[in-house]
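Read through the structure below, which is laid out as structure tokens, and then see the notes.
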Amino acid sequence: MYQINNYLRGFILFIIICYFIYIISLLKRKKLELKYSLLWIFSGLVMLVLVIFPDIFIYSAKFIGIEVASNGLFVVFIFLLIIILISLTVIISSDSAKIKILVQKIAIMEKRIRELEDK
């Protein structure tokens, strides 16, 4: 059975803790909103669970037919990245529509102001 070296596990835990500290510092400095950081926090929790309980991941990877655990890690992280990219694309699309509406409203207001100034 595949065993993760304790030194490597400790190093990865340290990296994940630094990752959470970075996300929290971005939230405190208001560089990142909570609603946008939830997926990053979720992905960090997935990484934490995989490091703390690697046997669960190894057994589940074997169950679905993935022979090598590292290939399963690639699948999991690619899936997480796709979910994050889709959610960010939805956010950008929504913000783009809002910006378009705001620009149209500003143009209408500027037209009204010019009309009132001309009178």
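The values are calculated or read from the model by the stated rules, or taken from the named source; none is laboratory data. Worth saying up front: this structure is predicted, and the values here are computed from it rather than measured. Counting neighbours? That spans all protein chains shown, and the Cβs are built from the backbone with ideal geometry, glycine included. With ligands, DNA and RNA removed, areas are computed over all heavy atoms of the protein, side chains included. Shrake-Rupley method; radii C 1.70, N 1.55, O 1.52, S 1.80 Å.
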Q) For the chain, which whole percent of the accessible surface, found with a 1.4 angstrom probe, sits on carbon and sulfur atoms? A) 73
Q: For the pairs 35/111; 31/98; 35/105; 31/62; 35/98; 30/98, note any where the Cα-Cα span goes beyond 29 Å.
A: 35/111; 31/62
Q) With +1 on each Lys and Arg Cβ and -1 on each Asp and Glu Cβ, how big is the dipole of the chain about its Cα centre, in debye rounded to the nearest 20? A) 480
Q) In the set (i) 25, 19, 11; (ii) 22, 15, 13; (iii) 48, 18, 7, which value of semi-axes √(5λ) of the Cα gyration tensor in Å was calculated from the structure you see? A) (iii)
